[in-house]
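Reviewing the structure listed below.
Computed from the coordinates by the stated procedures, all read-outs in this text should not be read as laboratory data. Fair warning: this is a prediction, and the values are worked out from it, not measured in the lab. Positions of Cβ are backbone-derived with ideal geometry, glycine not excepted, and every protein chain shown enters the neighbour counts.
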Amino acid sequence: MKIAEYIYRFRWPIVVISWLISIGFALAIPKIEIDPDVKALIPKSMPSKINTEKIEAVFGGSEMLLVIISGEDVLAPSILERLQNISNSFSKLPQIERTLSLFSLKSIKGIEGNMVVGEALPFIPHTLDETELIRKELSDNELVMGTVVSDDFRLAAIIGTVYTGTDDKILLDSVNAIISRYPGEGEINLGGMPVVKQSITDNILKDIKILMPLAIFLMLLILTLSFRNYKGVVLPLSVVILSMLVSVGLIPLFGWKFALVTVLVPVMMIAIGNNYGIYLVTRYQEILRREPDISRSGLMTELSAALSRPILLCALTTIAGVLALLTHIIVPAREVGVLSAIGIGWALILSLTYIPAMLGILPRSKPSSKENKPHETPLEHFLFRLGVSISRKPKITLLIAGLITLVIGMGLVKIYVEGNTIKFFDSKDPVRTTSDLIDKHLGGSQTISIQFTGDIKDPEIMNRMLYYEESIEKQKGVGQVMSIASVVKLISKALLDPSDPGYNSIPRTRDGVAQFLELYGMSGDPSDYEQLVDFNYENAQLLIRINDASSRNVLNLADYIRKLTADDPAIVRIGGIGLISAEMTNSLVTGQWRSTIISMLIVCFLAGLIFRKKAAAFIVAVPLGMACLVLFGIMGWSRIPFDPATTLITSVMIGCGVDYTVQFLWRQRDEMMAGLSPARAVVKTLYTTGKAICFNAFAVMIGFSPLVFSSFSPIRFFGIMMVVSIFACLIGALIVIPALTLILNPTFLTGSQPQISKVDENN
Amino acid sequence: MLIFSFALGSIAMAQSTDPKAIMDKSREQVKLSGLESKTILEINDGKGNQRIRETSMSTRLYPDGTEKRTIIFLAPADVKGTGILIHDFVNKEDNMWIYMPALRKSRKIVSSEKSKSFMGSEFSNSDLFVGSIDDFNYAMDGTETIDQQLCWKIKITPATPKIGTEFGISSKTMWISQKDYVPRKALSFDPEGNPWKEMVYSGIKLMDPKAGKYMVSKMEIKNLKNGRSSKMDMSQMIFNPSVKEEIFTLSYIEKQ
């Protein structure tokens, strides 16, 4: 008994089991957790991640939450009183490890031979004279200026270091409740990584709520317009939904979390998962039109015989393409690869079993009254004319396509990388505008940390720390650098007169350093500087705040720091969220090239295997390579960066695009085997399979198009570039492949010696 | 104002259950006129790390209420010889000088931060001293036995929010022995009313039998919020009402 007959016989169990399995996976969906942390993007084995965790284990969390108040003059009593109330409550939050603000920082200075230690803001000024006195005091206090107060006194900040593992939502809700409790003058904004992460979480949820229904609606629309028949809508769509349930349900089952790029998985299912169903329903209608009286089992046998193999091949090449994402360094990219491969696999199984079973259950459609005339629609007519033109001048066609690709591809040199999560938000998004304020006026919201281990009281280590601090401070994009060495230097400045030896410098002896540190310990809270040095003075941290967190700048800075500190035996590691972003940026580039090359190799290998000739691998590689070049070129010209989402495009594109070339070559080979000349075979393939390829490509493009409404620029760029790249693949399959095969006349299409012929328009 | 010695009088007068009166009586007997001792301060970070500071201390109480203290570091070696001189006045800000052997000179330190920690420990003025009697309100909260001593449990709250802010607490509960009026335990609450620091007093010694004054030689404080703790252990205590005046001068700490 043939498989088709089994499917017909067990059609009900197949349908029921298909739904039950899919629903079984779907039951896990409510357990999905969202992970917006940039640290989750890179593998645990990445040095910057390991180092950051080790540094945080010694010095506490490095994530900062900033409450920023802005006004004409933040020294206005009403603003300061409000800030004080908020600061008092904020510092008591259990999620906050330590707080820096005008009300917690100190003033250490030398006055007439005395070392004066006091509060940075000893009182809230109420008169003009008091205000100006305080302004002068603060302006001279390097511990507060540019850190918790902007130079123009229009911004003041409360900076909280957040305990590792804090629930961002609970923390932000608590902070917002505090702010609401103290209404008043001054506009308040929140900034820092907890805000960024929570916004990512909120926007992921928003994207899911908007993009999924929109993609399904568009798919519903295109299926309705294409088929004007409920079977053509219901069957492919149900495959999409069932495969989406499985791929999304697998996220918690694998113990994974929903990251920013994971939103691509359900959209990919919608865009790609319906392909095979569309082929089947189209062929089902064709068979019925041709043989209206065919029996049900006969219909299914023919359907199975005609499409099982091409569908299988298409799906396998797509799966192979997306599985190449497993070689990507970005962790969620690998997860997207696995989830989409399984989802596509499930869609394939459903298309080969569930759809035929459903066709066996549903009442038979009435055959269309339209006859299957060649090139009767404008599209068919266009494709016919295109085929004729290509077959007449294949070399010129290929040359023009090559030149256009080359010109567009030149944009590749302008392409850049962006791993800074802040840049994923629109320029007018509050997350971005607040971050810009912090970067411009308050030292920056991202950090790089250098950990020193050894005898921290050793003046040599102290002086090196100070040298690095002063050198790094001069670099572009560095907002503020802090270390215990600068605290010791500050004490010397306050303790000694300018004429004294050792003024404004590190003491010459270890005992001198120890005594300065002891003095600082007596003057303040024990936790004042535990972020800079550990309890036993065995580890110290040089904390660099970055005010230009663009990937390019952070990478340059990281390189500079590595070179600067290369030979220092006391430096054990460099980490920090800034460095993680920078390393992720590097990973994006590596991951992009690696996954592209591996996708290409796999699909070309598969194409070679399908047609049993190496030439097939080459012919498949050419249009895909050109499509990649076009994609990178357009990204370069239009300043769309490589980011965590756009670096996934090539693998998905190659996975989808290879279908078109394989389908085209398959049909072309069939036609040539049937006796048509290469030129005639090209023309016929174009207006038959070419049309199906067009529908397929348009469906995929429309499937991905809702992504342009995402809240994140990487996802929007992914949507735009996916449409562009699928279009490039379509052109590659419909123009480059015919021209190339006509020029090369590969034997795998004929199984014999090359034939040369011309085509006439009346074919 | 005495920070390191916490002596209270064993009062022969009839016991009163008025909490303010109890605290007032304790306060009146709190200061020893002169004391010399060695102190070991142990600071624990709650993660298994420890710092030990060994000092010699001398204090003298003057008739106008001024108290002068000299602290000389004996260990660790890198801070040995560091000297601190404090003139603690009743109605004006303290004077504090520090001598650092590495600099070979003394510097006056002006700090208004009274509620901050002492020498990087969990102890602060607000833990060691409850302020003047009128700065707080007192309420009797029953009796409890602590360290086999029947104690009054007295709840102390700042009289004004400003005082609360200055001392960094919302309230404090003290357990005062009914036998010798010496505290056995104190629990302070943070501004939100959460238990914050717990202090246990032990090693209580009668220093001045004539005047009936005691001395608390061991104090241990635990920060219930961050797990840090500190211990202060005083030894070689000598009650000496006439500690030499020259000990409380800059030239003395510079010579050590």
On the first, second and third principal axes, largest extent first, how far apart are the outermost C-alpha atoms of the range A:563-688 in Å?
77, 32, 18
By how many degrees, 0 to 90 and rounded to 10, does the Cα axis of helix B:19-28 deviate from the longest principal axis of chain B?
30 degrees
At the level of C-alpha centres, the distance separating the range A:611-637 and the range B:23-83, in angstrom, is 80 Å
Using just the helices of the protein assembly as shown, give the 222 nm mean residue ellipticity in deg cm²/dmol: DSSP H runs with n ≥ 4 each add -39,500 (n - 2.57), and the total is spread over all residues, rounded to 500.
-15500 deg cm²/dmol
Distance between Cα centroids, the range A:156-172 to the range B:220-256: provide it in whole Å.
39 Å
Heads up, the range A:114-153 by the C-alpha gyration tensor (a ≥ b ≥ c square roots of eigenvalues; a/c under 1.5 rounded, else a/b over b/c prolate, else oblate) looks oblate
Mind listing the phi-derived Karplus ³J(HN,Hα) values for the range A:510-519, rounded to whole Hz, using 6.51, -1.76 and 1.60 with θ = phi - 60°, and x for any glycine or proline?
5, 4, x, 4, 4, 5, 5, 5, 4, 4
Difference of contour (0.36 nm per residue) and Cα-Cα distance, A:T453 to A:H126
113.0 nm
From phi via Karplus (6.51, -1.76, 1.60), per-residue ³J(HN,Hα) for the range A:234-251 in Hz, x at Gly/Pro
5, 5, x, 5, 5, 5, 4, 5, 5, 6, 5, 4, 5, 5, 6, x, 6, 4
Find, to one decimal place in angstroms, the Kirkwood hydrodynamic radius of the range A:62-198, where the mean of 1/r is taken over every pair of different Cα atoms and then inverted.
15.4 Å
Take the Cα radius of gyration of the range A:430-549 and divide it by 2.2 N^0.38 Å, with N its residue count; two decimals is plenty.
1.14
Loop-located trypsin sites (Lys or Arg not before Pro) in the range A:634-684, at most 13 other Cβ atoms within 10 Å (DSSP)
A:R639
For chain A, the longest principal axis of the Cα atoms and the Cα long axis of helix A:296-323 enclose an angle in degrees, to the nearest 10, of 30 degrees
At 0.890 mPa s and 25 °C, Stokes diffusion of the range A:247-330 via Kirkwood alpha-carbon radius, µm² per second
158 µm²/s
Whole-Å semi-axes of chain B's equivalent ellipsoid, largest first, each the root of 5 times a Cα gyration tensor eigenvalue?
29, 21, 18
Could you list log10 I(q)/I(0) for the range A:618-758 at q = 0.10, 0.13, 0.19, 0.21 Å⁻¹, which the Debye formula gives when each Cα is one point scatterer?
-0.37, -0.58, -0.99, -1.13
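What does the structure give for B:75-81 when I average, per residue, the other chain Cβ atoms found within 10 Å of the residue Cβ?
So the per-residue partner count for this stretch is 4.
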What is the fewest-to-most order of A:M462, A:M635 by other Cβ atoms lying within 10 Å of their Cβ?
A:M635, A:M462
Given 12 as the ceiling on other Cβ atoms within 10 Å, longest exposed-site-free region of chain B for GluC sites (Glu not before Pro) in DSSP loops:
B:94-191
Under the Karplus relation 6.51 cos²θ - 1.76 cosθ + 1.60, θ = phi - 60°, what is the ordered set of whole-Hz ³J(HN,Hα) values for the range A:568-582, x standing for Gly and Pro?
8, x, 7, 8, 9, 6, 10, x, x, 4, x, 6, 4, 4, 5
Hey, rough spin-label estimate for A:L399 and A:D426, points 7 angstrom out along Cα→Cβ, what's it come to in nanometres?
4.8 nm
For the range A:667-708, fraction of C-alpha pairs farther apart than 17 Å, in %
43 percent
Cross-link table B:K172/B:K197; B:K25/B:K213; B:K20/B:K179; B:K162/B:K222; A:K440/A:K489; B:K38/B:K218, entries beyond 19 Å C-alpha to C-alpha:
B:K162/B:K222; A:K440/A:K489
Which trypsin sites (Lys or Arg not before Pro) in the range A:176-267 sit in a loop by DSSP (not H, G, I, E or B) and have at most 16 other Cβ atoms within 10 Å of their own Cβ?
A:R228
As an exercise, find the ratio Rg/Rh for the range A:188-322 from alpha-carbon atoms, using the Kirkwood inverse-distance average for Rh.
1.13
Using the Kirkwood formula over every pair of different C-alpha atoms, what hydrodynamic radius in Å results for the range A:481-618?
19.5 Å
Built amide H within the under 5 Å cut-off of A:G192, gap 5+:
A:L66
Apply 1/(1 + (r/R0)^6) to the Cβ-Cβ distance of B:E254 and A:T164, taking R0 = 41 Å, and write down the FRET efficiency to the nearest 0.05.
0.30
Compute log10 of I(q)/I(0) for the protein assembly as shown with the Debye formula, placing one identical point scatterer on every Cα and leaving out solvent, at q = 0.05, 0.07 Å⁻¹, to two decimals.
-0.47, -0.74
Give the Debye-formula value of log10 I(q)/I(0) at each listed q (0.10, 0.14 Å⁻¹), with one equal scatterer per alpha carbon of the range A:279-432, two decimals each.
-0.73, -1.04
Between 0 and 90°, nearest 10: helix A:168-181 axis offset from chain A longest Cα axis:
50 degrees
